[in-house]
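Colleague: Before I ask anything, here is the structure I am working with.
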Amino acid sequence: MELSPSLYSYLVRPKWFSKLYIHNILTSQFDFKNKIVLDFGSGTGSNSLMFEPSSYLGVDINPVRVKYARKQYPDYKFMVLEDKHLSIASNSLNYIVIIAVLHHISTEELVPYIQEFHRVLKPNGKVVVLEPYYCEFQSLNNSFMKIFDNGNFIRNEKQYMSLFEQENFSPMIKKKFKKILYNEILIVATPN
């Protein structure tokens, strides 16, 4: 069952939770000031607050969530992603930020998007990925995620790295941490 955008924002991504487990972690690792950012899978828009409105674009496949994000964050731009082609100029983005999205998409479905990431990033651009992951020797956390997360494609660290390596990116793990009973991994991938 999919939660309404307002319930999702209230129960799953309240502002204090997003700030603690997402915003503080990303802004401590990356300087987004004066950078053009695509928030891939922006959902309800809760992560837009990390970025400058004039340099931000959020895209999501769910038109209901995009409508909600536009209402909640009117200074930011949000678009519905309707096909696997990003309506963004080549070599125009500094960052593509992907937060808790990849584990909802099969590898086969991700490949065209990752190829698009390569096209739209500037030569020194980066893909920043923050995802739950299956961690060796963490069977309790792994079981919890498997049971309670509605993402069917939680991967282990090697599988996430491989997604990008196979599409001509150089991925690097920046951080691993726990978020309650979730194992989280922060990866940055640069185009080769």
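Read-outs throughout are calculated quantities, based only on the coordinates presented, and are distinct from any laboratory measurement. Since the structure is predicted, the reported quantities are computational estimates derived from the model, not experimental observations. Here the Cβ positions follow ideal geometry from the backbone for every residue, glycine too, while neighbour counts run over all protein chains shown.
Colleague: Provide the FRET efficiency to the nearest 0.05 for the residue 34-residue 106 pair, computing r from the beta carbons and using R0 = 35 Å.
Modeller: Rounded to the nearest 0.05, the efficiency is 0.50.
Colleague: Taking loop as defined by DSSP and a crowding limit of 13 other beta carbons within 10 Å, which chymotrypsin sites (Phe, Trp or Tyr not before Pro) in the range 129-164 fit?
Modeller: 137
Colleague: Give me 145, 172 ranked fewest to most by other Cβ atoms within 10 Å of their Cβ, as a rough exposure proxy.
Modeller: Taking fewest neighbouring Cβ atoms as first place, the list is 172, 145.
Colleague: Taking θ = phi - 60°, what integer Hz values does the Karplus form 6.51 cos²θ - 1.76 cosθ + 1.60 yield along the range 141-156, in sequence order, with x for Gly and Pro?
Modeller: Each residue of the range 141-156 in turn: 4, 4, 5, 4, 4, 4, 7, 9, 8, 8, x, 8, 10, 5, 10, 8 Hz.
Colleague: Quick one: which residues, 5+ away or cross-chain, put their amide H under 5 Å from the amide H of residue 174? H built at 1.01 Å from N.
Modeller: 186, 187, 188
Colleague: Fully extended, how many nm does the chain gain between residue 11 and residue 165 (0.36 nm per residue separation, minus their Cα-Cα distance)?
Modeller: Length gained between residue 11 and residue 165: 51.9 nm.
Colleague: Shifting gears a bit: So if each residue of separation counts as 0.36 nm, and I subtract the Cα-Cα distance between residue 3 and residue 149, what length gain in nm does that give?
Modeller: Result: 51.3 nm gained on full extension.
Colleague: Report the residues of the range 133-163 in range of a label on residue 24: point 7 Å along Cα→C-beta, backbone N strictly under 19 Å from it.
Modeller: Counting only backbone N, you get no residues.
Colleague: In the range 17-96, which trypsin sites (Lys or Arg not before Pro) are in a loop and have at most 14 other Cβ atoms within 10 Å, using DSSP for the loop call?
Modeller: 33, 84
Colleague: If you average 1/r over every pair of different alpha-carbon atoms in the range 76-141 and take one over that average, what Kirkwood value in Å do you get?
Modeller: After inverting the mean inverse Cα-Cα distance, the result is 13.6 Å.
Colleague: Subtract the Cα-Cα distance of residue 82 and residue 49 from 0.36 nm times their separation in residues, and report this length gain in nm to one decimal.
Modeller: Gain on stretching residue 82 to residue 49: 9.5 nm.
Colleague: How would you classify the range 1-86 from its alpha-carbon gyration tensor, with a ≥ b ≥ c the square roots of the eigenvalues: rounded for a/c under 1.5, else prolate if a/b is greater than b/c, otherwise oblate?
Modeller: Oblate.
Colleague: Shifting gears a bit: So what's the projected area for the chain, the Cα convex hull averaged over all directions, in nm²?
Modeller: 10.0 nm²
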